[in-house]
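The values are calculated or read from the model by the stated rules, or taken from the named source; none is laboratory data. Given the structure is predicted, the values throughout are model-derived calculations rather than measurements. Counting neighbours? That spans all protein chains shown, and the Cβs are built from the backbone with ideal geometry, glycine included.
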Amino acid sequence: MTTLKAQLQEDLTAAIRDRDELRSSTIRLTLSAVTAEEVAGKEKRQLSDDEVQRVIAREAKKRREAAEAFDQAGRVDQAARERAEGELLAGYLPKQLSDEELAAIVAAAVAESGASGPQAMGAVMKLVKPKVDGLAEGGRVAAAVKAALV
């Protein structure tokens, strides 16, 4: 079984060979972020697939935020490129939970904790976070918990 980092490197080679500029530049930047994460800290280390996935998720989130910023600035062409890069990176991530699936997990956590009111948000988040780690963005999870506790 190949690791996610090895898969990225193979895909980069294929993209360069196919002269796919968007794909090669996106993967190259992502591999750069993975390498930066590996050498951060006191010792160089090899990232696990889960850690590489978190780096890819962070890079995809950056692309989404940049696309929104470019849209607000009226730079539609640059926003479209950022969205395309984000979609490319999403292909390396596990399928995200739908709103209904997320709401069901949150509802179960609220029932399990017996929480009510916004002051219990931390307790519910503590139960929900391990179940949805990597499957839903933190902002979506927080919004779902907040909506369930109102």
Task: Members of region 31-64 found to be out of contact with any Lys or Arg (no Cβ under 7 Å at 6 or more places or on another chain) and β-branched (Val, Ile, Thr), listed by number - done: Thr35, Val39, Val55, Ile56
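Among the residues of region 78-109, write down those that are assigned to a helix (DSSP H, G or I), within 25 Å of Arg28 (Cβ to Cβ) and among the aliphatic types (A, V, I, L, M). Please lay out each step first, then the result.
Within region 78-109, the first condition is being assigned to a helix (DSSP H, G or I), and the residues that meet it are 78-90, 99-109.
Still in the running and within 25 Å of Arg28 (Cβ to Cβ): 78-90.
Within region 78-109, Ala79, Ala80, Ala84, Leu88, Leu89, Ala90 qualify.
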Task: Residue count, region 17-57 (criterion: within 17 Å of the chain's Cα centre (by Cα) and acidic (Asp, Glu)) - done: 4
TODO: Read through the list (1) under 28 Å from Arg140 (Cβ atoms); (2) modelled with pLDDT of 95 or more, then give the number of the only condition that Glu51 fails.
DONE: (2)
- [ ] Go through (1) within 19 Å of the chain's Cα centre (by Cα); (2) surrounded by 17 or more Cβ atoms within 10 Å (Cβ to Cβ); (3) touching a residue at least 40 places away in the same chain (Cβ under 8 Å) and name the single condition Val128 misses.
- [x] (3)
TODO: Have a look at Arg23, Arg45 and point out the one that is farther than 30 Å from Val145 by Cβ, of a type outside the set (Phe, Trp, Tyr) and surrounded by fewer than 14 Cβ atoms within 10 Å (Cβ to Cβ).
DONE: Arg45
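How about region 13-55: which of its residues are in a helix (DSSP H, G or I) and among the acidic types (Asp, Glu)?
Narrowing region 13-55 to residues in a helix (DSSP H, G or I): 13-17, 21-39, 49-55.
Once the filter is applied, which keeps residues that are in a helix (DSSP H, G or I) and among the acidic types (Asp, Glu), region 13-55 yields Glu21, Glu37, Glu38, Asp49, Asp50, Glu51.
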Open item on the list: Please go through region 56-77 and give me each residue that is touching a residue at least 12 places away in the same chain (Cβ under 8 Å) and either more than 17 Å from Lys5 (Cα to Cα) or assigned to a loop (DSSP other than H, G, I, E, B) (or both), ordered by number.
Closed with: Lys61, Arg63, Arg64, Ala66, Ala67, Phe70
- [ ] Could you grab me the full set of residues in region 75-115 that are among the small types (Gly, Ala, Ser) and exposed (fewer than 12 other Cβ atoms within 10 Å of the Cβ)?
- [x] Gly91, Ser98, Ala111, Gly114
Open item on the list: Among the residues of region 98-125, what is the count of those that are touching a residue at least 24 places away in the same chain (Cβ under 8 Å) and of a type in the set (D, E, K, R)?
Closed with: 1
Task: Any pair with Cβ under 8 angstrom, 6 or more apart, that starts in region 31-55 at a residue that is assigned by TED's automatic domain parsing to the domain that holds Thr13 and within 20 Å of Asp11 (Cα to Cα) and ends at one that is crowded, with 16+ Cβ neighbours inside 10 Å and aromatic (Phe, Trp, Tyr) - done: Gln53/Tyr92
